Structure formats: C-alpha cells, structure tokens
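Enquirer: First, the structure itself, so that you have it in front of you.
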Amino acid sequence: MAFLLRALVLPVFLSSVPWVAGSTFTLLLSLPNTSMPFSVGRIGAGALIAIDAVNRSPDLLAGHLLEHEYVDDECSDVNGPGKIVELLHRRNYSAFIGPACSDVCAITAKLAAFWNIPVVSPTCADQQFLIKKAYPTLTRVFGPFTKMGSFFVKICEKFGWRHISIIYDHRPAWIIPAEGIRYQAEVNNITVAKYLAFQTPLGQDKTHMTLTQARMLQEVAEVSRIIVISARGEVVRDFLIEAHRKGLTTGDYVFFCFEPYRLEEMFGNFDWKRGDVDDSMAKQAYQALFLLSLYKPNDQKYWNFSNDVIRRSREDFGYAYAPNEKVSVLAAIAHDSVWLYAQALNETLAERGDPYDGFTITRKMWNRTITAVPLRSKYLFFKGDLAKKAASLPHREMYRYPG
C-alpha cells in the first residue's frame, strides 16, 4: 500500500526533532467517530481529562506538558493507518492513544514499532496481540474485560469446570468481552473447546438465524456444558429459547452472557419478558442463564468523572449523551491509558532518558502497577497487557435471572 511506502521516510523525520527541557509532548488520539461503544464521542473525553490531570499534577512531568491531536481512524484498516501516516509527515507524536479497533491497531502498532512510537490501546482484544515480538511498542489497557474473564475463571474453578465454549457476535463490542474470557480461561488451563463467531447480515430472515443458532448450540453442547454467549440481549434471548427447545436448560448446562453496562441502544435488552408468544419459554430458559456486568464505583468521585466526561464529550467532540445513557467504563480505560503512559514518560524524564524512545517507554509501562483513578483499582501490566488486579479478586456484578 502507498502509505506503507511513504512511512519508510518517517524515522528520519522523527529523529531530527531533539528533546529539550520544558517540552510539550503531543499524543495522537486515534478513535473512530462512530456509534460504537468506544467511539471518540463516548470515551475520548476520558483521555482529555487525564491529560489535564497530568498537566496539573506536581508529581508528573515537572516543567513539561501533554497535548493531543485527534484523528478519526474510522475503524478502517485502510483509512485509519493511512491518515496516521499523513499526520506523521507533519507532526512528531510522542505516543498514540488508541486505536481501539483491532483491525486498525494491527497495522498501526506494527508501523509504530518501526517508528519506535509507543501505542497504548484502550480496547484492542484480538489474540494476535499476544505475540509480543510482533508488537513490541504496544500496550493494551482493556483491563475490566480481562478482569471479568478472571472472575469467570474463579467461578469455573469454584465448580470444577475445566471445559467451556464461547459463542460470540463478530462485532467489536462483543469480540472484546469474548476475548477477555478466552484469554483468561486459556492462561488458567481451562480448555476453550469451541470458539464460534457468527454474523447477522442486514436483511437476514429469522428462520435462517434460528437454524444458525441451533447448529451452533448443537456443536458446543457436544463438547462442553458451560456456554458463554457474547452478543446483544435480544440475540442471547433467541439462543436461550432455542437451547430450551433442545433441552439444554434443565440443569445439565449453564449459560453466561455479558452486558458491559446498561445501554439498550448499544447492547440490547437482556430481559426475558418481551410481551410475545415466547415469554413463557424464555422465562424458563433464563433459569439457566447468568449475566456478567462490569462493575462501576458508585461514589462521588466516579460520578464527578462521569459528569466531566459528559461535558467534555459535548464541548470537545460534539457528542451529546442521551438522557438515559450512562458513561461506560471504557471512558475510564481511556483515561487510564493516558495515565499509564504519563507515569512511564515521567520516569524516563527523571532518568534523563530519551522520551521519544518508544521501545524503552513501553517497557516501563510493562510489569508495573498503577492506581487507576476513575475506577480506583490497582492494575498490574504484564508484557503489554493488563494481567490482573494487583490486590484481591476484582468486584464484578453477576446476576441470575429469577424465575
């Protein structure tokens, strides 16, 4: 591709900009301007709040400042990296915050390794990013999802479950939690017997989707009795109704689903009751279903953060939260992505190191513990991924649907 050829000249440009005392370090915020859960309108403000907090802190970057520029990467593996290359011909960036889409991140993070620029992604979840040699300047901060996976693993260990299957919608909002569970299960020696993706093309009829669900349920039921479904609430209901028809909800099988946070427009309706002919069957089927949800603090500090996100989203990105829309934990993850980078940069400056040495900066982000300000938790980053909470088992919310 043309932008890859043009990228070859960038290291010469980057290395020609010397670091001087009192510098301003520019972060490139790469997020899509779309309706996705991790759009810049929904979570970008978290990063900006962190930048302001770093600049106010007497303990970080003394005499230096952070600033940002934003690029809409469109969640496109062509347009996103292409735009970033264009920008890098004009500006020198000390780090990338994002991308959030795995397809964009896969290309951008490899280019960034060539340019020696650290990449701190709030959400990229694909398994390919576990190959650290391929992404030596990438750090991923999708912590609550791996923490949710850790919580799920604890449930499995409690009941002696060693084989699970995962069915997931092949969209970013559902790939991320599915990957979080898959990763934690595999590193804890729990076999993921089946890992099945499905897509629902526009215009696909109900009958075809029902047949797809029946086939997938049959496939996973043959190899495991613990089944995770990562999909919209309406789709989870359809799966459970089909599972009930197959006799899979009478106690021999256990189903888990995942609602990141309450936002029906984005994640669907997870209630069994819809006022249709399937209500009675759904009510019975949901006896076998548990719902996992990300925990959010309910204290004044987090509420202040949420209000700041809503205000900054409107002021800086023109995004207006709906009256019933809550700020997601993804905004807090975007905040912590900046906070983590700032601590590594601060340490580098204190050691009189090169603040544009992305490889070294990245290593300082790895294998360190930070206190995440909005979520008020301690996190340990291991080899570029948030590995686990540094203290005790993280709080997660788990609901069993009542009969």
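Enquirer: Of LYS154/LYS283; LYS246/LYS326; LYS132/LYS194, which ones are farther than 29 Å apart at the Cα?
Expert: The answer is LYS246/LYS326.
Enquirer: Can you bin the stretch 208-261 into rounded, prolate or oblate? Criterion: square roots of the alpha carbon gyration tensor eigenvalues sorted a ≥ b ≥ c, rounded for a/c under 1.5, prolate for a/b above b/c, oblate for the rest.
Expert: Oblate, because a/c is 1.5 or more while a/b does not exceed b/c.
Enquirer: Of GLY180, THR207, PRO260, which is farthest on the positive side of the dipole of the stretch 145-293, counting Cα position, with +1 on Lys and Arg Cβ, -1 on Asp and Glu Cβ, and the Cα centre as origin?
Expert: Projecting each Cα onto the dipole axis, the largest value belongs to GLY180.
Enquirer: State the answer as a single residue: which of PHE270, SER224, PHE239 lies farthest towards the positive end of the charge dipole of the stretch 145-293, with beta carbon charges of +1 for Lys and Arg and -1 for Asp and Glu, about the Cα centre.
Expert: The residue sitting most towards the positive pole is SER224.
Enquirer: How much length would be gained if the chain were fully extended between GLU265 and ASN79, taking 0.36 nm per residue of separation minus their Cα-Cα distance, in nm to one decimal?
Expert: Full extension from GLU265 to ASN79 adds 64.3 nm.
Enquirer: For GLU234 and LYS283, FRET efficiency with R0 = 25 Å and r from the beta-carbon atoms, rounded to 0.05?
Expert: Step by step, r from the Cβ atoms, then E = 0.95.
Enquirer: Please order ILE155, ILE229 by the number of other Cβ within 10 Å, starting at the fewest.
Expert: Placing the least packed residue first, the sequence is ILE155, ILE229.
Enquirer: Taking the Cβ-Cβ separation of ALA214 and TRP366 as r and a Förster radius of 25 Å, what is the calculated FRET efficiency to the nearest 0.05?
Expert: Given R0 = 25 Å and the Cβ-Cβ separation, E is 0.05.
Enquirer: Continuing with this model, one more query. Tell me the trypsin sites (Lys or Arg not before Pro) within the stretch 234-306 that lie in a loop according to DSSP and have at most 15 other beta-carbon atoms within 10 Å.
Expert: Loop-located and lightly packed - LYS246, ARG262, LYS273, ARG274.
Enquirer: Would you please state which residues of the stretch 108-125 a label at THR26 would reach in this model, taking the label point 7 Å out along Cα→Cβ and a backbone N cut-off of under 18 Å?
Expert: 112, 115-120
Enquirer: Report, in debye and to the nearest 20, how large the dipole of the stretch 145-293 comes out about its Cα centre when Lys and Arg carry +1 and Asp and Glu carry -1 on their Cβ.
Expert: So the dipole magnitude of the stretch 145-293 works out to roughly 360 debye.
Each reported figure results from applying straightforward, stated rules to the coordinates on display, with no laboratory input. Just so we're clear, the structure is a prediction, and the values are computed from it rather than from any experiment. When we count neighbours, we look across all protein chains shown, and the Cβ atoms used for this are built from the backbone with ideal geometry, even at glycine.
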